[in-house]
Amino acid sequence: MNSEHLATYLNDHLAGSVAVLDLLAHLETAHANTDTGRFAAQLRADIGADRQELETLMERLHLAESLPRKAAAWLAEKATQLKLRLDDTAGGTLHLLETLDAVAVGIEGKRALWHALAAAAGEVSALRGIDYEALSARAVEQRRRVEAVRLPAAKAAFRG
């Protein structure tokens, strides 16, 4: 097992979860007491659980979390928030759409992570014993839920 490559890969995905969770927290706050805010809160809880799965795997493999990667992800999220505010200063429909796009990309990345680990588990025994299929299915379900909010947001953002 190439633990250096695996540590880098898992830490990159862990850092990505930091950015997505922060985006969802902002969405939840911006849309407090609305269906969108409740959607963001529930999705954030679900993605937080997935992040815990990843942290547990890293602990089991004795792979340390990379604080510089987490910090870089935090900074990237702040830059994304600034970009979104510049695009839609009122924090309206375009802001919502672009936030959901970023969240969707993060979920697809997580799904790709579970698929890659499942494939590698055939060769790397340390990666066995995890239900990657269930984790991937959960990512697909999360992505479906994002689409249910993202597509109406696109219609609203582009309406004349």
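The distance from the alpha carbon centre of the stretch 104-160 to that of the stretch 39-69 is 14 Å, rounded to a whole number. For Val124, no residue whose modelled amide H falls within less than 5 Å of its own remains once neighbours fewer than 5 places apart on the same chain are excluded. Taken about its Cα centre, the chain carries a charge dipole of about 380 debye when Lys and Arg each add +1 at the Cβ and Asp and Glu each add -1 at the Cβ. Counting beta carbons within 10 Å around each of Phe158, Phe39 and listing the fewest first gives the order Phe158, Phe39. Over all pairs of different C-alpha atoms, the stretch 36-122 has a mean inverse distance whose reciprocal, the Kirkwood radius, equals 15.1 Å. Residue order for Thr36, Thr29, fewest other beta carbons within 10 angstrom first, comes to Thr29, Thr36.
Spherically averaged projected area of the convex hull of Cα atoms, the chain: 9.4 nm². Ordering Leu61, Leu27, Leu6 by the number of other Cβ atoms within 10 Å of each residue's own Cβ, fewest first, gives Leu61, Leu6, Leu27.
Values quoted throughout were computed directly from the atomic coordinates according to the rules given, and no laboratory measurement underlies them. Since this is a predicted model, take the numbers as computed values, not measurements. Quick reminder, even Gly has a Cβ in these numbers, built from the backbone with ideal geometry, and neighbours come from all protein chains shown.
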